[in-house]
Amino acid sequence: GHVLVAGQSGSGKSTAALTLRALAAKSGRAAVLVNAEAYIPGRLAYLVCNALSSLTGSSAPLAVGRGVLSDPTAVVVFDGVAEMPVASRDALATEVGPFASATPGCLIVLVGRDAAILNSVLPQYVAKRAYVLRGIKPDRRKDLVADVVRPLGVTDDYTVARIAARAGYALKSAANVPYLLRMAAELIARGFDIHGRAQMYSVFTEDIA
């Protein structure tokens, strides 16, 4: 069946999509990763062509885009579907529906924040599986923090553990989002006092400025 991949921002959805493309390539399948937010109603095949062209560096004819959508050995991954404007998403659902239900047709993977929204894009009668990314597990947070702070000169395990604990306390449930945990760990290692997500964003943007 087709696949839905949901998860909050920063949980690793786009990374999962890139990993899927790499694994598909190793197994001899074509996995085309397209940016759903760049979709223009009525131009689904062009969207696939653009993704192919950016990857290969050469222009892909429209027939190739249509061929990918009709190829049972191909995988088309639409990233950012739940973040699309409603009108564009409805148009995408109308256009992708025939390919989702066609036999033969490509395997469709929809990626976005909300599983229910993703489910509404594909016809209800087609088989599909849904996965929700939960982010980094608590027992792996210290490893991620170590990867961030060791290049900054923090080498002893005690300090790494202390930074991981401070970042986890500041972020609460958001500590399972890898990019937020990385952001907090780096700022703490550099001497910033982080005590909440909103305040962390302010510190981060001020530091960039």
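Key figures
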item	result
Surface accessible to a 1.4 Å probe, per residue, for the residues of the chain, Å²	52
For the stretch 84-169: span of alpha carbons on each principal axis (Å, largest first)	57, 27, 21
On Cα atoms only, tilt of 44-56 relative to the major axis of the chain in degrees	60
L20, L110, ranked by accessible area, largest first (probe 1.4 Å)	L20, L110
Lysine pairs meeting the criterion (Cα under 25 Å, 8 or more apart or interchain), as found in the chain	8
Cα gyration tensor category, rounded, prolate or oblate, for the stretch 163-209 with a/c compared to 1.5	prolate
Portion, in percent, of the accessible area of the chain that falls on carbon or sulfur, probe 1.4 Å	56
The stretch 17-94, relative contact order in percent, only Cα pairs under 8 angstrom and at least six apart counted	37
Scattering curve values for the stretch 110-209, log₁₀ I(q)/I(0), Debye with Cα scatterers, q = 0.18, 0.23 Å⁻¹	-0.80, -1.11
Residue order for M200, M183 - accessible surface, 1.4 angstrom probe, largest first	M183, M200
Two-decimal log10 I(q)/I(0) for the stretch 33-106, as the Debye equation yields it once each C-alpha is a single scatterer, q = 0.21, 0.22 Å⁻¹	-0.91, -1.00
Accessible area in the full protein assembly, largest first, 1.4 Å probe, for D157, D71	D157, D71
Only Lys, Arg (+1) and Asp, Glu (-1) charged, at Cβ; the stretch 124-179 dipole about Cα centre in debye	340
Within the stretch 110-168, chymotrypsin sites (Phe, Trp or Tyr not before Pro) in DSSP loop having at most 14 other beta-carbon neighbours inside 10 Å	Y125
Nearest-10 value in Å² for the accessible area of F192, using the 1.4 Å probe	70
Rg to Rh quotient for the chain, alpha carbon positions, Kirkwood Rh	1.07
Derived scalar couplings ³J(HN,Hα) [the stretch 168-175; Karplus, 6.51 cos²θ - 1.76 cosθ + 1.60; whole Hz; x for Gly, Pro]	x, 5, 5, 8, 6, 5, 6, 5
For the stretch 155-209 and the stretch 69-124, distance of Cα centres in Å	36
Dipole magnitude (debye, nearest 20) for the chain, charges at Cβ of Lys, Arg, Asp, Glu	460
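The values are calculated or read from the model by the stated rules, or taken from the named source; none is laboratory data. Given the structure is predicted, the values throughout are model-derived calculations rather than measurements. Cβ atoms come from the backbone with ideal geometry, glycine included; neighbour counts cover every protein chain shown. Just the protein is used for accessible areas: all its heavy atoms, side chains included, with ligands, DNA and RNA removed. Shrake-Rupley method; radii C 1.70, N 1.55, O 1.52, S 1.80 Å.
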